[in-house]
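Structure provided below as structure tokens; questions to follow.
Here, each number is a calculation from the coordinates, and none is a lab measurement. Remember, predicted model here, so these are calculated numbers, not experimental data. Positions of Cβ are backbone-derived with ideal geometry, glycine not excepted, and every protein chain shown enters the neighbour counts.
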Amino acid sequence: MTRMWCLPTEILCDDHLRGEHAEHHQLVGTINNHPHGEAIAEGHAEKGNIDTTRLEERHAQLAAEMERRGMNHNSPLAYDGPTYGADVIDLEVNRADLLDRCEDCATRAQEHSGSQ
Ligand SMILES: [Zn+2]
Ligand SMILES: [Zn+2]
């Protein structure tokens, strides 16, 4: 499932960090290349899962955190296509959802409980 968590990168476990990063590239590929890319992006935006106005900024945060953890990152991302989901991402909902679904992220969030 495509989802931009947009949560502080330090609370993401390695899997969720890599996953959210990969989804950024997949999403841009889908919008640019998939025959139904527009409809797919609209579907994600309606669920509050993506905001293309934040794609580049969020990708940069994820890439920086990956490098900090010693993971390879060699995949620049640029997006100048249509806007989907501007301001639809609800960080409270995302945080609750992620921590509910992943013990590793929940533990990290506790360790970083001073973070937003
Ligand atoms: Zn990348
Ligand atoms: Zn996780």
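Using a Förster radius of 22 Å, what is the FRET efficiency between Ala64 and Ser113 based on their Cβ-Cβ separation? Nearest 0.05, please. List each step's numbers first, then the result.
On the way: r = 22 Å, r/R0 = 0.99.
E(calc), rounded to 0.05, equals 0.50.
What order, most packed first, do the peptides 100-111, 38-49, 67-78 have when packing is the mean number of other Cβ atoms within 10 Å of each residue?
Working: 100-111: 14.2, 38-49: 16.3, 67-78: 10.7.
Most protected by this proxy first, the peptides run 38-49, 100-111, 67-78.
What cysteines in the chain have no other cysteine with a beta carbon less than 4.7 Å from their beta carbon?
Isolated Cys, the chain: Cys6, Cys13.
Sorted by average packing, counted as other Cβ atoms within 10 angstrom per residue and highest first, what order do 12-22, 87-97 take? Mind dumping the intermediate values first?
Details: 12-22: 17.9, 87-97: 13.3.
Highest-to-lowest ranking by the protection proxy: 12-22, 87-97.
Test of understanding: in a Gaussian network model of the chain with alpha carbons linked when under 10 Å, which of His59, His36, His24 would top the mean-square fluctuation ranking?
With Cα springs under 10 Å in the chain, the top fluctuation among His59, His36, His24 is at His36.
Tell me, how many Å apart are the Cα centres for the range 75-116 and for the range 1-47?
11 Å
Angle, helix 55-68 long axis vs. longest principal axis of the chain, Cα atoms, 0 to 90°, nearest 10?
In the chain, helix 55-68 runs at an angle near 40 degrees to the longest axis.
If you average 1/r across every pair of different Cα atoms in the chain and take the reciprocal, what Kirkwood value do you get, in Å? Could the numbers behind the result be given before it?
Numbers: mean 1/r = 0.0688 Å⁻¹.
Evaluated over the chain, this radius sits at 14.5 Å.
Using just the helices of the chain, give the 222 nm mean residue ellipticity in deg cm²/dmol: DSSP H runs with n ≥ 4 each add -39,500 (n - 2.57), and the total is spread over all residues, rounded to 500.
Rounded to the nearest 500, it is -17500 deg cm²/dmol.
Given a Förster distance of 35 Å, report the FRET efficiency between Glu38 and Asp104 from their Cβ-Cβ distance, rounded to the nearest 0.05. Mind showing how you got there, number by number?
Working: r = 35 Å, r/R0 = 0.99.
Efficiency, rounded to the nearest 0.05: 0.50.
Based on Cβ point charges of +1 for Lys and Arg and -1 for Asp and Glu, what charge dipole magnitude is obtained for the chain about its Cα centre, in debye rounded to the nearest 20? List each step's numbers first, then the result.
Details: 10 positive and 22 negative charges, 40 e Å.
Using only the charged Cβ atoms, the result is roughly 200 debye.
Which Cα, out of Ala63, Ala41, Val93, lies furthest along the positive dipole direction of the chain (beta carbon charges, K/R +1, D/E -1)?
Ala63
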